[in-house]
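Single-structure report; data block below.
The values are calculated or read from the model by the stated rules, or taken from the named source; none is laboratory data. Quick caveat, the model's predicted, so the values are computed rather than measured. Virtual Cβ from ideal backbone geometry, glycine too; neighbours counted across all protein chains shown.
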Amino acid sequence: MIAFIVQRLVQSVIVMLTVAFVAFALFNFVGDPIANVVGQDTSLEDRAKLRESLGLNDPFVVQFARFVGRAAQGEFGLSYQHARPVDELILERMPATLELSFVAALLALLIGVPMGVYTGLHRRGSLSRLLMTVSLIGVSLPTFLIGILLILVFSVQLGWLPSFGRGPTVDLGWWQTGLLTSEGLKALILPAVTLGLFQMTLIMRLVRAEMLEVLRTDYIKFARARGLTNRAVNFGHALKNTMVPVITITGLQLGSIIAFSIITETVFQWPGMGLLFIQAVLFADIPVMAAYLVLMAFFFVVINLIVDLLYYVVDPRLRIDRGTAAGHGH
Amino acid sequence: MAIDALPPDATARPRPAGRFRRLIDSELAWSFRHSPATIAAAVVTLVLVLSALLAPWIAPQDPFDLATLDLFDAFTPPAWTEGGDPRFLLGADDQGRDVLSAILHGMRVSLFVGFTSVLFAAVVGVTLGLLAGYLGGWVDSVIMRMADVQLSFPAILIALLIDGVARSVLPRDLHADTALYVVVLAIGLSYWVQYARTVRGSALVERSKDYVQAARVIGVHPLRILAHHILPNAIGPVLVIATINLALAIITEATLSFLGLGVPPTQPSLGTLIRVGNDFLFSGEWWITIFPGIALVALALSVNLLGDWLRDALNPKLR
Amino acid sequence: MPLLEVQDLRIELPTRRGTLAAVDGVSFAIEPGKVLGVVGESGAGKSLTGTAVIGLLEPPLRIAGGRILFDGRRIDNLPYEQMRRIRGREIGAIFQDPLTSLNPLYTVGRQLTETILTHTEMTPTQARRRAVELLGEVGIPSPEQRVDAYPHQFSGGMRQRVVIALALCVNPRLVIADEPTTALDVSIQAQIIALLKRLCREHGTAVMLVTHDMGVIAETADDVAVMYAGRIAEIGPVRDVVKNPGHPYTAGLMASIPAIGGPRDRLRQIDGSMPRLFEIPQGCAFHPRCPHAFARCTAERPEALPTGRTLAACWLHDTPEAVDA
């Protein structure tokens, strides 16, 4: 068990270093770091001095180490576009993105999983077929289009829900939440649905596919042959076995919600990290881009790690203890 | 399942003579003919692709020719609504451009980017997969590590990153010319992993088979072995992945363009059109964004359906 | 009265190219406590028959004709819930692959107690005690510890013992064993068959033993039914079928079993192969491969005719005495 954790940690560190390297490359080789700090008139001499003082003439490895050290503390310098420290900008925008992502993920899970189980169990029913057709459309709809459609119907035509911004927020120390006001909640609905819809359909199709696979196995057949009730077979056995692979894939999917929030935030002008990133890309604001990249990498690495650990907890076949007979298999 | 009690070929039919006959009678064709959804999807895809290809000739108006535009036509609603004009079947945008023509040309760009990026991803992925599977050793490790790292990030993020970096690296005036290639590169590079993995799996399986060993012993050149023996076995799954990938690529391109990062404004794709039209949603000119949206969904949906059918038809387990 | 009676069972499979008969007019009976072996090549329909008896045929397969009677009551047309109560409690089943028959995520004990609790009124503690007992009965060493182990922690032979325990845990009166030893090492096969034999004898359980291994049948069964292309070619007491086969197919099967010792010549075989479901010949299904076929065999499908002590579906036995008898 320990060996497993250590191995995964080492892998994670390697991934982080790779990403840090890419970010560092961005910083140093894309455009001229100096050019954004000085004006047109600065003499070549002064530029050279500036370069020296910023350590830009040091060997590559030294610069990289310095970068990694700073990055680990969350220090990415100043944004080219906003002229403010990058970490400040990101922290400011994080609550918005996290709240949105969390609500979207919740929606996707709470609706996607039960629907997946239902369509898996009642494979040929008419409701199942309907849901599968709708889900196919859901998977073919790009997120931004869903957002636009929702805006069209609920904001423009019906005027029920706001179509941009976050509404008023309540300050809780360093976190501003929009969840405590009804205006804030209303503003959250459309973006959360938009963000969660794609994942919801994916999860539903995934759960269904897994369920169907599991229902074809010999152990389910044997369970039925032993006269176990439908409930025991479907939920005690089939569902449990379905959940094992579903948990891992779902975990990864939900992680990507944070990345997809880029699109949703753009459509709804939601003041989160995603919007910040897009603006940075359009402006070629390297520090922000690099910081976002490293942050996302960290986030995904953590999610991957958690998911791996979950897998380990849930599937007894991975916990090989000493002195067992034959190996495992499926 | 009870049906497993029957040997695999219990219900198989002896193949009739003649290759064409065989195609028509094959399992593939049968499942195609008997699935109305798939037939509809194929028809829609065909219609859309053809109209996109023929756009320069069948579009009622050339949206790029500024001389034909008349600002007085701006914001004309669709032909069947009040205030509509039969010249502009789906209405006109803020510059007096015919929305239908814009869509036809836009589909051209969307499809071009879609197909080429899938091709690119497939070529890169299949090559790397073959190398990894056949050569094994450190080549395999390196390639698979790369794949693992990349897989932990959603494709859209990778595409965004590549596009953004290219943007920063290239001087501004080159942006418009190269944007198309950058997009293809970005999308292609975000999706190669699945091809690589599948092909690698296939290669690993085939590599250990006796006939491949025999070929190696005789001294057949590895490239020949790869091309003649290993590749044909991997083509089926690759096709399935490619079809599903196509829909994803089209959507990804649309997303990138919608965000302002994809194709250049001089060659608008469906995503660009949607973005431009989005500004007018609130003032009530919904057709400028909705019709391109419908075209996009129709395209993605029918390609997805085709991909689904292909996957089910080629899946040995479901027969 | 026979415990199980199958009368003229017909199982159909609708396919794209028409409806095929996977099992066509199969009839047999099993007396309480007896063992009926059902033998035949892959695809002859033996497993399907067993699956139909326990009511687990999955669509598109369906029972299209005939009846299945258990204890005199029809069970082939029972609603699902009623059949479910019979399954496990009255009719048990053992399948071929012990590796995939057990749910990998639950301990062996959990799977046992669950089955026991479903069919009896025991308390969980009692059920657990019974589970440990059962594991001991099937020969699992240290059952008190092993009861909390997961399936992957057992070897193949041990797993099949667990499967047997599961199938017999609430003492069904009939067990359908579908190729119970095919997936096991040869050395283990004999042990498992011996175990099954012993337990069924002790509890008076009847067995329908489906296999392609004639040796197992000869050792274990009281009666044997030889199936071919979805039909029964011959049925009768095991000694008689083996020593004096009445059907040319059975004779071919017996002859092709190599004997250790004895003159070494070429292995005998039956030329040709069993027809696939959509190309079953007219008349007798075996006639294209039969060395004794004559005109009638190609036209009329033979009924089961008495041949001494067995019944064989072969026109060779349609002698005047047989007709009168």
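Being more than 18 Å from the chain's Cα centre (by Cα) and crowded, with 21+ Cβ neighbours inside 10 Å is true of C:Ile116. The requirement of being crowded, with 18+ Cβ neighbours inside 10 Å, closer than 21 Å to B:Gly260 by Cα and away from every other protein chain (no Cβ under 14 Å) is fulfilled somewhere in the stretch B:168-180, by at least one residue. Reported count of residues in the stretch C:36-53, each being at the interface with chain B (Cβ under 9 Å from one of its Cβ atoms) and of a type in the set (A, V, I, L, M, F, W, C), is 2. Checking each residue of the stretch A:163-171 against the condition of being among the basic types (Lys, Arg), surrounded by fewer than 17 Cβ atoms within 10 Å (Cβ to Cβ) and modelled with pLDDT under 85 gives no match. Among the residues making up the stretch C:171-190, a single one is in contact (Cβ under 8 Å) with a residue 60 or more places away in the chain and polar (S, T, N, Q): C:Thr182. Here is the figure for the stretch A:72-89: residues that are surrounded by fewer than 21 Cβ atoms within 10 Å (Cβ to Cβ), in a helix (DSSP H, G or I) and aliphatic (A, V, I, L, M) total 1. Could we say that C:Ala64 is part of a strand (DSSP E or B) and at the interface with chain A (Cβ under 7 Å from one of its Cβ atoms) here? Taking the combined requirement at face value, the residue does not satisfy it.
Here is the figure for the stretch A:275-296: residues that are at the interface with chain B (Cβ under 10 Å from one of its Cβ atoms) and closer than 22 Å to A:Phe198 by Cα total 3. Total residues in the stretch C:84-131 satisfying the condition of being over 19 Å from C:Glu144 (Cβ atoms), free of Cβ contacts under 8 Å to residues at least 40 places away in the same chain and either of a type in the set (D, E, K, R) or in contact with a strand residue (DSSP E or B) (Cβ under 9 Å, 6 or more places away or on another chain) (or both): the figure is 5. Residues that are within 7 Å of another protein chain (Cβ to nearest Cβ) and of a type in the set (Asp, Glu) within the stretch C:89-121 comprise C:Asp97, C:Glu114, listed in sequence order. For the stretch C:277-286, does any single residue satisfy the condition of being in contact with a helix residue (DSSP H, G or I) (Cβ under 9 Å, 6 or more places away or on another chain), aliphatic (A, V, I, L, M) and modelled with pLDDT under 85? Looking through the stretch C:277-286, none of the residues is in contact with a helix residue (DSSP H, G or I) (Cβ under 9 Å, 6 or more places away or on another chain), aliphatic (A, V, I, L, M) and modelled with pLDDT under 85.
Of all the residues in the stretch B:265-319, those that are more than 9 Å from chain A (Cβ to nearest Cβ), among the small types (Gly, Ala, Ser) and either at positive phi or not in a helix (DSSP H, G or I) (or both) number 2.
Among the residues of the stretch A:203-222, are any assigned to a helix (DSSP H, G or I), of a type in the set (Val, Ile, Thr) and more than 11 Å from chain C (Cβ to nearest Cβ)? Yes: the stretch A:203-222 contains one or more residues that are assigned to a helix (DSSP H, G or I), of a type in the set (Val, Ile, Thr) and more than 11 Å from chain C (Cβ to nearest Cβ).
Among the criteria (1) surrounded by fewer than 23 Cβ atoms within 10 Å (Cβ to Cβ); (2) modelled with pLDDT of 80 or more; (3) within 28 Å of B:Ile156 (Cα to Cα), the one A:Gly251 does not fulfil is (2).
Restricting attention to the stretch A:253-274 and to residues that are within 11 Å of A:Arg93 (Cβ to Cβ) and not hydroxyl-bearing (Ser, Thr, Tyr), the residue that is farthest from the other protein chains (Cβ to nearest Cβ) turns out to be A:Pro271. One residue stands out among those in the stretch C:143-194 that are touching a strand residue (DSSP E or B) at 6+ places or on another chain (Cβ under 7 Å) and of a type in the set (Gly, Ala, Ser): the one that is nearest to C:Arg128 (Cα to Cα), which is C:Ala167. Is it true that some residue in the stretch C:25-35 is within 12 Å of chain B (Cβ to nearest Cβ) and over 27 Å from C:Leu199 (Cβ atoms)? No, the conditions are met nowhere in the stretch C:25-35.
Regarding B:Leu90, is this residue closer than 30 Å to B:Leu248 by Cβ and part of a helix (DSSP H, G or I)? No, not satisfied. The condition of being closer than 23 Å to C:Val35 by Cα and free of Cβ contacts under 8 Å to residues at least 12 places away in the same chain holds for only one of C:Glu219, C:Glu202, C:Glu234, that being C:Glu202. Reported count of residues in the stretch A:122-133, each being of a type in the set (A, V, I, L, M), within 14 Å of another protein chain (Cβ to nearest Cβ) and either in contact with a Pro (Cβ under 7 Å, 6 or more places away or on another chain) or touching a residue at least 12 places away in the same chain (Cβ under 8 Å) (or both), is 1. Output yes when any residue across the stretch B:99-122 is small (Gly, Ala, Ser) and within 30 Å of B:Ser208 (Cα to Cα), and no when none is. Yes, because at least one residue in the stretch B:99-122 is small (Gly, Ala, Ser) and within 30 Å of B:Ser208 (Cα to Cα). When you scan the stretch B:216-242, how many residues do you find that are among the β-branched types (Val, Ile, Thr), at pLDDT below 80 and more than 30 Å from B:Asp312 (Cα to Cα)? So the answer is 1. Applying a threshold of 7 Å to beta carbon distances and a minimum spacing of six or more residues, or different chains, the list of pairs starting in the stretch B:275-288 at a residue that is under 10 Å from B:Phe75 (Cα atoms) and ending at one that is aromatic (Phe, Trp, Tyr) reads B:Glu285/B:Phe75; B:Ile288/B:Phe280. Only one entry in A:Thr264, A:Thr250 is within 26 Å of A:Ala23 (Cα to Cα), of a type in the set (Ser, Thr, Tyr), part of a helix (DSSP H, G or I) and under 16 Å from the mean Cα position of the chain (by Cα), namely A:Thr264.
Checked against (1) aliphatic (A, V, I, L, M); (2) farther than 22 Å from A:Leu110 by Cβ; (3) out of contact with any Phe, Trp or Tyr (no Cβ under 6 Å at 6 or more places or on another chain), A:Met243 meets all criteria but (2). The numbered conditions (1) surrounded by fewer than 14 Cβ atoms within 10 Å (Cβ to Cβ); (2) closer than 30 Å to B:Leu226 by Cα; (3) more than 28 Å from the chain's Cα centre (by Cα) are all true for B:Val142 except (3). Of the residues screened, C:Leu56 is not one that is surrounded by fewer than 18 Cβ atoms within 10 Å (Cβ to Cβ), within 13 Å of chain A (Cβ to nearest Cβ) and not charged (D, E, K, R). When A:Leu185, A:Leu179 are screened for being part of a helix (DSSP H, G or I) and more than 13 Å from chain B (Cβ to nearest Cβ), only A:Leu185 passes. Could you please let me know if C:Ile164 is assigned to a loop (DSSP other than H, G, I, E, B) and at pLDDT 90 or above? It is false that C:Ile164 is assigned to a loop (DSSP other than H, G, I, E, B) and at pLDDT 90 or above.
One residue stands out among those in the stretch B:126-153 that are assigned to a loop (DSSP other than H, G, I, E, B) and small (Gly, Ala, Ser): the one that is nearest to B:Gly188 (Cα to Cα), which is B:Ser152.
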